[in-house]
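Everything below concerns the one structure shown next.
Bear in mind these aren't lab numbers, they're just calculated from the coordinates by the rules spelled out. Because the structure is a prediction, the values reported are computed rather than measured. FYI the Cβ positions are ideal-geometry reconstructions off the backbone, even for glycines, and counts take in every protein chain you see.
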Amino acid sequence: MVAVDRWFPSSKLCSDCGRLTEPLPLNIRSWQCPCGATHDRDINAARNLLAAGLADR
């Protein structure tokens, strides 16, 4: 089992370019990165958590 840090910014980190966005209130469900990628907050978090877990292997 792999554990990712509790404070890992999974929903605020662009899964395309890696840029960290400014703090987002929880009611914001989607956001656009300056690189042009549009993210659903939950799907983006899942992608980032998977990548972080695989990187720790």
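What the table below lists for this structure:
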item: In the range 32-44, the residues that are closer than 13 Å to residue 10 by Cβ, touching a residue at least 12 places away in the same chain (Cβ under 8 Å) and not polar (S, T, N, Q); result: 39, 41, 42
item: Complete set of residues in the range 34-57 that are assigned to a strand (DSSP E or B) and either out of contact with any strand residue (DSSP E or B) (no Cβ under 7 Å at 6 or more places or on another chain) or surrounded by 12 or more Cβ atoms within 10 Å (Cβ to Cβ) (or both); result: 39, 40
item: Yes/no for residue 21 being surrounded by 14 or more Cβ atoms within 10 Å (Cβ to Cβ) and on the phi < 0 side of the Ramachandran plot; result: yes
item: Qualifying positions in the range 23-57 - in contact with a Lys or Arg (Cβ under 8 Å, 6 or more places away or on another chain) and of a type outside the set (A, V, I, L, M, F, W, C); result: 23, 29, 30, 34, 40, 41, 42
item: Which listed residue, of 30, 15, is surrounded by 13 or more Cβ atoms within 10 Å (Cβ to Cβ) and among the small types (Gly, Ala, Ser); result: 15
